[in-house]
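This report refers to the structure that appears directly beneath it.
Please treat every number below as a calculation from the coordinates, not as lab data. It should be emphasised that the depicted structure is a prediction, and the values quoted were computed from it without experimental measurement. Glycine gets a Cβ as well: all are built from the backbone with ideal geometry, and neighbour counts include every protein chain shown.
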Amino acid sequence: MTLNRNKLYSILFISCITGYIWLYFSLSNIENNREAFDVCLIKHITNIPCPSCGSTRSIVSLTNGNFNEALLINPVGLIVAAIMSLAPLWIFIDIVTRRKTLFDFFQKIETYLKRPQYSIPLILLVIINWIWNITKGL
Amino acid sequence: MDAQKVDMFIMSNAKFFESHQINVIRERLIALDDSKWAMISTVQLKDPTTSLIISILAGSLGIDRFMIGDTGIGVGKLLTCGGFGIWAIIDWFMIQGATREKNMQKLQQFLY
């Protein structure tokens, strides 16, 4: 599977749509006071939260305007929220103007992330966030 | 290049590539100059079985994708708990093919 512009855009777009549907589903679940259910494989199997567990709760509290609470639940939620709100817009602009700025940006980020001086601190951050998640008991 | 050398390469590295690519690789290698042999024989190829094991054990963290060099997709899997767990399961079946494609890409820069 060689990634090209259209493939990347469809993957991103489908993930964003899924994300929005999932967000709507969780919001309506919370409104009706039903118990939210987890989709995370790791949490189901090992009962330990994964690094990105709680990002739904984080985005839900972000939609209620509680920025600090969102940050405290899981900072990953903020990144996901930023991607979910930016990506569809960027894809739309790219398709309308027939350019591939997002694809170029994606490839640039990929080459940066492959360098150890960027990847090692980021991996450490993810692990620290994971430990924090486990101690919070998400 | 010498046909015997090429056949040896194909025999020891066949599992790293898709079966439909093997013939093309063989033809290109035979047409290739002998001076490139040192580079071709030392190319670091990823084992599809290893990536399958990693995909099953740590697929929902995206580590399988990081390993084969799809960093962007790996980050996507990491941020979404392996795409709500669905993508992680799909990748159990996709990762071997993806690894072979990556190997082909790596070899291609020497072939052409």
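Whether any residue in region B:33-54 is at the interface with chain A (Cβ under 9 Å from one of its Cβ atoms), closer than 29 Å to A:Val76 by Cβ and crowded, with 22+ Cβ neighbours inside 10 Å is what I want to check.
no
Output the residues belonging to region A:17-60 that are assigned to a helix (DSSP H, G or I), more than 20 Å from A:Ser85 (Cα to Cα) and among the hydrophobic types (A, V, I, L, M, F, W, C).
A:Ile30, A:Leu41, A:Ile42, A:Ile45
Evaluate region A:46-58: report whether one residue or more is more than 16 Å from the chain's Cα centre (by Cα), surrounded by fewer than 12 Cβ atoms within 10 Å (Cβ to Cβ) and within 14 Å of chain B (Cβ to nearest Cβ).
Step one: filter region A:46-58 for residues more than 16 Å from the chain's Cα centre (by Cα), giving A:46-48.
If we keep only those that are surrounded by fewer than 12 Cβ atoms within 10 Å (Cβ to Cβ) too, we end up with A:46-47.
Restricting the remaining residues to those that are within 14 Å of chain B (Cβ to nearest Cβ) gives A:46.
The answer is yes, given that some residue of region A:46-58 is more than 16 Å from the chain's Cα centre (by Cα), surrounded by fewer than 12 Cβ atoms within 10 Å (Cβ to Cβ) and within 14 Å of chain B (Cβ to nearest Cβ).
Right, B:Lys15: touching a residue at least 12 places away in the same chain (Cβ under 8 Å), within 10 Å of chain A (Cβ to nearest Cβ) and in contact with a helix residue (DSSP H, G or I) (Cβ under 9 Å, 6 or more places away or on another chain) or not?
no
Results for (1) surrounded by 15 or more Cβ atoms within 10 Å (Cβ to Cβ); (2) in a helix (DSSP H, G or I); (3) among the polar types (S, T, N, Q), shown as yes or no for each residue.
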position	(1), (2), (3)
A:Leu62	yes, yes, no
A:Leu72	no, yes, no
A:Val80	yes, yes, no
A:Ala87	yes, yes, no
A:Val96	no, yes, no
A:Arg99	no, no, no
A:Ile123	no, yes, no
A:Ile127	no, yes, no
A:Ile134	no, yes, no
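Considering only region A:69-76, I want to know if a residue exists there that is at the interface with chain B (Cβ under 10 Å from one of its Cβ atoms) and out of contact with any Gly (no Cβ under 9 Å at 6 or more places or on another chain).
Initially, region A:69-76 is screened for residues at the interface with chain B (Cβ under 10 Å from one of its Cβ atoms), giving A:76.
From what's left, out of contact with any Gly (no Cβ under 9 Å at 6 or more places or on another chain): none.
No; the residues of region A:69-76 include none that is at the interface with chain B (Cβ under 10 Å from one of its Cβ atoms) and out of contact with any Gly (no Cβ under 9 Å at 6 or more places or on another chain).
So, of the residues in region A:15-45 that are of a type in the set (Ser, Thr, Tyr) and surrounded by 15 or more Cβ atoms within 10 Å (Cβ to Cβ), which turns out to be farthest from the chain's Cα centre (by Cα)?
For region A:15-45, the residue satisfying everything is A:Ser26.
Give me the pairs, please: first residue somewhere in region B:95-112 and over 17 Å from B:Lys36 (Cα atoms), second residue anywhere and of a type in the set (Asp, Glu), beta-carbon distance under 6 Å, and either six or more positions apart or on two chains.
From region B:95-112, the pairs are B:Ile95/B:Asp64; B:Arg100/B:Glu18.
Cβ contacts < 6 Å: first residue without any contact (Cβ under 8 Å) to a residue 12 or more places away in the chain and surrounded by fewer than 20 Cβ atoms within 10 Å (Cβ to Cβ), restricted to region B:66-86; second residue outside any helix (DSSP H, G or I) and not hydroxyl-bearing (Ser, Thr, Tyr), any location; separation 6+ or different chain. Result?
As it stands, the answer is B:Phe84/A:Val39, since those pairs meet every condition given.
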